[in-house]
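Colleague: If you scroll down you'll find the structure; I have some questions about it.
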Amino acid sequence: MDFDPVQHEISPSRILRGALLAVRECWRLDAKLQTWLRGFEGSVDGPLFWRSPSRPEMDTQGDSATSERLFSGPYTFPGMRLGQTMILYWTGSVALHQQMCLLYQELQRLAAEAESRPSLDDDPVCLCDEDAGEADPTRRIKMCVGHFALDRLPRLEHRTEWATTTARDVCRSAEYFLQTEMRSLGPAAIVPALLLVSWLLEREAGEFQREVIWIKSLLVRMQKKGNEIASCNNEEPEAARWKITA
């Protein structure tokens, strides 16, 4: 998903090609993740996780006394190793689907400009291939701005909801990994995932301030209890941006 080289491009065709190549790679990775999940589910005897009653001590600043708890019904896993595996899957899905949404937004912008902005003289020649893409839907997409059609891309469907689905799966797992008997192993599994989710939610256009405050408050509480992996150099979560020290 190497989209960085075209971030500073001004040629619409070059931006389009870079974005489409990244989109293809994203769909390839998404298919691999789903194939892996189906295989993993088939290898486990019983559910991968289930909902349990919340512990009052897990309430954070993101929870309001006058409204429903933000992440009620936290997840319980059959064992820590399985829980760690699911955290890795959800973390990968969050990062992948957020990137796919950004790429589609960029492609939507290019499609909107296609009719009003002509290609530059140094744009690559059209490499459209009418016969390509029988096995891969993204290969049917035209590689030049003049022929590009956004509606021929596969639809993102549930992937656009990562902030209210998969990201919440990570947060609902926190209580399980912060049990005292897990010592430092639990926080080591969940804290990096929580940091990633918080960082991505802060950059979303939607209203996810309460979720971000919930995560940061939880990490601050862990730090105050002496948990080194949650160490940070910031003020209260609503007063400053999150900073991690080495």
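Readers should treat all values here as calculations from the given coordinates under stated rules, not as data from a laboratory. Everything numeric here is computed off the predicted structure, so don't read it as measured data. Glycine also receives a Cβ, built like all others from the backbone with ideal geometry; neighbour counts cover every protein chain displayed.
Colleague: Just want the ordering: T91, T76, T164, from fewest to most Cβ atoms lying within 10 Å of their own Cβ.
Modeller: By the 10 Å Cβ count, ascending: T164, T76, T91.
Colleague: While we're looking at this one, here's another question. Counting other beta carbons within 10 Å of each Cβ, put W27, W50, W162 in order, fewest first.
Modeller: Ordered by Cβ neighbours within 10 Å, fewest first: W50, W27, W162.
Colleague: FRET efficiency for L88 and A149, Cβ-Cβ distance as r, R0 = 25 Å, nearest 0.05?
Modeller: E(calc), rounded to 0.05, equals 0.10.
Colleague: Right, something else. Report the extension gain between F40 and M182 in nm, rounded to one decimal, defined as 0.36 nm multiplied by the number of residues separating them, less their alpha carbon distance.
Modeller: 48.7 nm
Colleague: What is the order of S13, S217, fewest Cβ neighbours within 10 Å to most?
Modeller: Final ranking by Cβ density, sparse to dense: S217, S13.
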